[in-house]
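Every number in this text was worked out from the coordinates using simple rules, so none of it is lab data. Since this is a predicted model, take the numbers as computed values, not measurements. Glycine gets a Cβ as well: all are built from the backbone with ideal geometry, and neighbour counts include every protein chain shown.
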Amino acid sequence: MKWEGQEQSDNVEDRRGDGGGGRRGGIPVMGGRGLGLGSVAIALVAGWIFGINPLTVLGLLEGGGAPPAAQAPARPAHKPPAEDKAAAFVSVVLRDTEQVWGRVFQAAGGRYDQPRLVLFRGATPTACGTGESAMGPFYCPGDSKVYIDLDFFDTLSRRLGAPGDFAQAYVIAHEVGHHVQHLMGVTDKVDQARSRMSKAQANAASVRVELQADCLAGVWAHHSQQGKGWLERGDIEEALNAASRIGDDTLQRQSQGRVVPESFTHGSSEQRMRWFKRGMDGGVVAQCNTFEAKL
């Protein structure tokens, strides 16, 4: 992946020097909460899938709609050091997601509100409660921020067997996919539905949310490659391998020696690879309808 020298995002916040505790280097068993697509045409898709009034969705996209969630306590925002290569990589990938989703939303007549990405170690306060490294990278819709402890990339490579810069880019793009979902107003819709479900049903709903985020990560990859042509031989395989390595069945088999499908919250390895590839191959947001598809 030819990322060095590319434009970096200004929306990266470095909290790694702010202290914090908790476990480090964990496996992503919780992830972000969210779901969605992206503007006028996408609002129609959301209405079709979820029965949401498209005007309501457009209101959310334009900054109206539901009142903002309670925010985490304010703290100074620091940019990562210029010489930090890992932070620079994350900043480059985030900037490209901003550009891609900005164009997608604009083409559909909407506006893309960019998320912030927070680098932390151990634990950090968020609008969704205390975020810990053991949760893996996650997205908080309450403050529209992606949180990541960069030590996770070592876990991804060494413990989970998914090395490579595009494997890391896939992880970031998946969490940004949750932000895209949140802008659609579908995150709240799914959460409300889950509150009335049994645990097994709620888990199944979460799987569809996560697989859609995988598909949206693929949509980003499709348009990113078209715009920059920065992917090299083996990069797509790196992302597919990462998707496979963090499938629920693979993680359960490694951790407990058996697979319990009704407890899945992110999808099987095969499902995660297939939905990422679906988004990557087509580059069409409307094809990421995991809620009507047979998984």
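Details
- Additional length obtainable on full extension of the chain from A286 to T130, 0.36 nm per residue less Cα span: 52.8 nm
- Candidate aspartates and glutamates - alpha carbon under 12 Å from K199, same-chain residues fewer than 8 apart omitted: E262
- Estimated distance in nm for a label pair at K228 and D84, the labels positioned 7 Å out from Cα along Cα-to-Cβ: 1.9
- Approximate spin-label separation V260-D154, in nm, with each point projected 7 Å along Cα-to-Cβ: 3.1
- Of all aspartates and glutamates in the structure, those lying under 14 Å Cα to Cα from K79, and not within fewer than 8 positions of it along the same chain, are D10, E13, D14, D18.
- Listed pairs K145/K228; K145/K189; K145/K277 exceeding 21 Å between Cα atoms: K145/K228; K145/K277
- Sites listed here are trypsin sites (Lys or Arg not before Pro) in the stretch 214-265 whose DSSP assignment is loop and whose Cβ has at most 13 other Cβ atoms within 10 Å: R233, R258.
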